[in-house]
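Notes follow once the structure below has been shown.
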Amino acid sequence: MTNQMITNYDGEIEINGENTKNNDEALKQIVYAGGEVNKHNSLFQGKIKDLLKAYSLMYDSFDREYAEMMLESYGIKVKNKFSSLSTGNKTLVQNTIGIATRAPITILDEPTNGLDSVNRQNFFRFMMEDYAEHPRLFMLSTHLIQEVENYLTDVVILKDSKVLIHDTLENIQLKSHLVSNHRFENKHVVSETTFGSSFEQVIYDDLSEEEIIMIKVNGGDRKPLNLQSLFNALVQD
């Protein structure tokens, strides 16, 4: 049984230089959970217990007992049909599958879609606890960056399929600045906003201690910029 969830796509997907298309051995290294896979795959049209059985056949690493424990903690019964669940519960089931599969590369697409604050907290707790026991690469695709920022080590920001930033979270945080009432001409200015006689620049660049002092001497101000605000400035038209 193949574990390729998306059968039609443009481009190529490789793992360590090996093409994954129709390659079951390569695909065993990766699990993709979330997004709209459930709309186009027959596995997600039946009962949850049958979905768990299918994943246990596709992945030797799938821990069905752990998956059932997670679902029970969410109050989701495995006898229910996946297609009859609410948006939030569908997300929880898909997250559960992604975590319980324990593939070396685990991709979770919009893992907080439809979740309330309690279930968001529970999801991150399960993810981090299982990561501690079974370290592997987690890739989280999301527009709600503030929710995941504390869990990231590396960040890729995309716009129209182009990579705008690819760096460690630490380096990005060091280079992200909101500068008020002081204009830089020789820096990477992401955006500039004017409020009457005041203005702000979003800077993505290195600022030396001397430059930060110069901002304040000239009556300006500089604050660190969080990842969500940097993302918004980068992708806005």
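The values are calculated or read from the model by the stated rules, or taken from the named source; none is laboratory data. The structure presented is a predicted model; accordingly, all values stated were derived computationally and were not measured. Don't worry about glycine lacking a Cβ; one is built from the backbone with ideal geometry, like all the others, and counts go over all protein chains shown.
Just to be sure I understand, how many residues within the stretch 97-143 are assigned to a helix (DSSP H, G or I), acidic (D, E) and more than 20 Å from Q29 (Cα to Cα)?
Adding up the residues that qualify gives 1.
Residues that are loosely packed, with under 13 Cβ neighbours inside 10 Å, in a loop (DSSP other than H, G, I, E, B) and under 28 Å from the mean Cα position of the chain (by Cα): does the stretch 159-168 have at least one?
yes
Name every residue in the stretch 213-228 that is assigned to a helix (DSSP H, G or I) and buried (at least 16 other Cβ atoms within 10 Å of the Cβ), in order of residue number.
Result: I215, L227.
State which residue pairs qualify: first residue polar (S, T, N, Q) and inside the stretch 124-152, second residue surrounded by 13 or more Cβ atoms within 10 Å (Cβ to Cβ) and in a helix (DSSP H, G or I) in any location, beta carbons under 8 Å apart, and separation of 6 or more residues or different chains.
Cβ pairs passing all conditions: T142/V148; Q146/L227; Q146/Q228.
If only one of V93, V155 is buried (at least 19 other Cβ atoms within 10 Å of the Cβ) and either small (G, A, S) or outside any helix (DSSP H, G or I) (or both), which one is it?
After ruling out the rest, the residue left standing is V155.
When you go through T193, T153, T168 one by one, which is the residue that is of a type in the set (V, I, T) and over 30 Å from N95 (Cα atoms)?
It is T193.
Consider A132 carefully, then state whether it is in contact with an Asp or Glu (Cβ under 6 Å, 6 or more places away or on another chain), of a type outside the set (D, E) and at pLDDT 95 or above.
No, not satisfied.
Sort through S141, S73 and tell me the only one that's surrounded by fewer than 19 Cβ atoms within 10 Å (Cβ to Cβ), in contact with a strand residue (DSSP E or B) (Cβ under 8 Å, 6 or more places away or on another chain) and assigned by TED's automatic domain parsing to the domain that holds A54.
Sole residue among the options that is surrounded by fewer than 19 Cβ atoms within 10 Å (Cβ to Cβ), in contact with a strand residue (DSSP E or B) (Cβ under 8 Å, 6 or more places away or on another chain) and assigned by TED's automatic domain parsing to the domain that holds A54: S141.
Within the stretch 11-50, count every residue that is touching a Phe, Trp or Tyr at 6+ places or on another chain (Cβ under 6 Å) and farther than 23 Å from T142 by Cα.
Residues meeting the conditions: 1.
Just to verify a result, which residue in the stretch 42-70, among those that are outside any helix (DSSP H, G or I) and among the charged types (D, E, K, R), is surrounded by the fewest Cβ atoms within 10 Å (Cβ to Cβ)?
This residue is D60.
What pairs come up if the first residue lies in the stretch 9-33 and is assigned by TED's automatic domain parsing to the domain that holds M58, the second is of a type in the set (F, W, Y) and assigned to a loop (DSSP other than H, G, I, E, B), and their beta carbons are under 8 Å apart, counting only those six or more places apart or on different chains?
The qualifying pairs are K28/Y59; V31/Y59.
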